[in-house]
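Written below as structure tokens is the structure these notes are about.
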Amino acid sequence: MKIMIVVGARPNFMKAAPIMEAMARHNAEGAKSGAEQIEWTLVHTGQHYDSRMSDAFFSDLNLPLPDVFLGVGSGAHGAQTAEIMKRFEEVLQKGYPDIVVVAGDVNSTIACALVTSKMPATAERPRPLIAHVEAGLRSFDRTMPEEINRVLTDHISDLLFVTEESGLRNLAKEGIASEKIFFVGNTMIDSLLAAQKKVETSTVLDRLQLRAPVNGNGSRKIKPYALLTLHRPANVDNRESLEEILEGLKDLAASHAIIFPAHPRTQKQIEQNGLQSYFNFASQDASAPGSERKGISLIEPQGYLDFQSLMKHARIVVTDSGGIQEETTGLGVACVTVRENTERPVTVETGTNILAGVRREGIRQAIRQQLERTGKHAVPKFWDGAAAGRIVEILVQHSAKKLELEHSQA
Ligand code: UD1
């Protein structure tokens, strides 16, 4: 059976890696029992292409190098999506897998799902099935490009893999047939749990001088610091909204070092809008700031393991990312989300997340609340490190059914 798995942008890599591993496990076990082997192709669209946004993740996550690289790069949404579609169509025609697996909500997700949905079936073979990993999430905010990508991808997918219960409710309300929907858990959390040992080998805390000696006894303690990420166009693409958020961070910057690995989009906006005065510009060497030097330290985007280490040990995380809301819940770290809505409500209901909005007062208040917070939180259902195994089992069952159908048609 042939499975094609698509990645394109940073948040795809950690969702795909455990599925690749689960497929390898299936093959190793199948080799003993005689079960059908999976032949897979990993396609990287190249939506993200900087080594710090892409390459670093392959080694950190043990992802095999892509079999096909489409090299699409940046562009306006229409142009980028169209370019991915054009290049992916050729690959799909040649490879003709039984199933195409797409993940998340980025432009690569909808582009490749759409191409697959229009692949003509022939007398010998039905079109490939589309499997969507992380289906059913909804922010109900259609100004977000990701929301459009989510809704459209779900409506053309054949197998919808859901990470949290809100996804089941959303898909049912939209009339998607229940036999296509599978509540399997979260492959991003699979990656997070699998990486914990390796995360402890990261030296990023030392490079950023976030560990201090304790009273000359030789041991070292992590200083309290905050971690910040911002990249959502609505937050960073104009001066007013970015400045409002930075004002909201002023109290936190006065009491804590804030480490800010900035997305290339955000770095550009800071320069273009002349907002440099809000930041310390730090390099990742010995002269980088420790937490006695407060303020926001702007650093380059980090690889997976270094970023996980920064997140795990942070006193608080402030973000507008989708995935980081989930990872902080997985780790039990306090998170403040600088958005009006979230497509991941379980992180607020049972997790560690607070929605702060995008105005300075709301952000300050949410940060104060999180810094005072104590007590435990629940881990959402199926965020147990085994989601990818469940997915591969379902893929295998459906691929077998599809093969039977092909044989009966031939
Ligand atoms: C994309 C996803 C978003 C995800 C984010 C994670 C869509 C619609 N959005 O947003 O959901 O949270 O990735 O990072 O797919 N750039 C570089 N180097 C890179 C990639 C991007 O410099 O490797 C710069 C380019 O100037 C580009 C801009 O960042 O124009 C935006 O990149 P793009 O992939 O279009 O969207 P993201 O903002 O990264």
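The values are calculated or read from the model by the stated rules, or taken from the named source; none is laboratory data. Keep in mind that this is a model prediction, so the values were computed, not measured. Backbone-built Cβ (ideal geometry, glycine too); neighbour counts: all protein chains shown. Heads up: the accessible areas ignore ligands, DNA and RNA and are worked out on the full protein's heavy atoms, side chains in. Shrake-Rupley method; radii C 1.70, N 1.55, O 1.52, S 1.80 Å.
Considering only DSSP beta bridges where both residues belong to the chain, give the percentage that are antiparallel (nearest 5). DSSP beta bridges in the chain are roughly 5 percent antiparallel. Residues Arg150, Arg359, Arg390 ordered from highest to lowest accessible area at a 1.4 Å probe: Arg359, Arg390, Arg150. For the residue pairs Lys197/Lys268; Lys312/Lys381; Lys15/Lys401; Lys15/Lys402; Lys15/Lys197; Lys32/Lys118, alpha carbon separations beyond 30 Å are given by Lys197/Lys268; Lys32/Lys118.
Amide H to amide H distances under 5 Å link Ile299 with Phe260, Ala262, where only residues 5 or more positions off or on other chains count and H is placed in the peptide plane.
Modelled spin-label separation between Glu39 and Gln267, with each label point placed 7 Å from Cα along the Cα-to-Cβ direction: 4.1 nm. Over the residues of the chain, the helix contribution to mean residue ellipticity at 222 nm works out to -13500 deg cm²/dmol, using -39500 (n - 2.57) for each DSSP H run of at least 4. Loop-only check: which chymotrypsin sites (Phe, Trp or Tyr not before Pro) in segment 138-195 are DSSP coil with at most 10 other Cβ within 10 angstrom? Filter output for segment 138-195: Phe140.
Starting from the coordinates of the alpha-carbon atoms of segment 207-371, obtain the Kirkwood hydrodynamic radius over all distinct pairs and give the value in Å to one decimal. So the Kirkwood estimate lands at 16.0 Å.
DSSP beta bridges confined to segment 207-371 are antiparallel in about 10 percent of cases.
Cα centroids of segment 89-153 and segment 358-378: 37 Å apart. How much area per residue is accessible in the chain when the probe is 1.4 Å and only protein heavy atoms are counted (Å²)? With all protein chains present, the chain gives 42 Å² per residue. If you sort Leu65, Leu298 by accessible surface, 1.4 Å probe, largest first, the order is Leu65, Leu298. With each label modelled as a point 7 angstrom along the Cα→C-beta vector, the Gln276-Gln196 pair spans 4.3 nm. For the chain, the relative contact order is 16 percent, taking Cα pairs closer than 8 Å that sit 6 or more residues apart in sequence and dividing their mean separation by the residue count. Under the simplified labelling scheme, the Ser74-Ala212 pair shows an inter-label distance of 3.8 nm, with each label point 7 Å from Cα along Cα→Cβ. The largest accessible area among Thr163, Thr374 belongs to the first residue in Thr374, Thr163, and the rest follow in falling order (1.4 Å probe, all chains). Using the Cβ-Cβ distance between Lys401 and Asn62 with R0 = 30 Å, the FRET efficiency computed as 1/(1 + (r/R0)^6) comes to roughly 0.45. Length available on full extension from Glu300 to Tyr96: 0.36 nm per residue minus the Cα-Cα distance, which gives 69.5 nm. For segment 188-263, the list of GluC sites (Glu not before Pro) that fall in a loop by DSSP and count at most 11 other C-beta atoms within 10 angstrom reads Glu200.
For the chain, carbon and sulfur atoms together expose 52% of the accessible surface, with a 1.4 angstrom probe and every protein chain in place.
Qualifying trypsin sites (Lys or Arg not before Pro) in segment 63-126, where qualification requires a DSSP coil assignment and no more than 14 other C-beta atoms within 10 Å, comprise Lys118.
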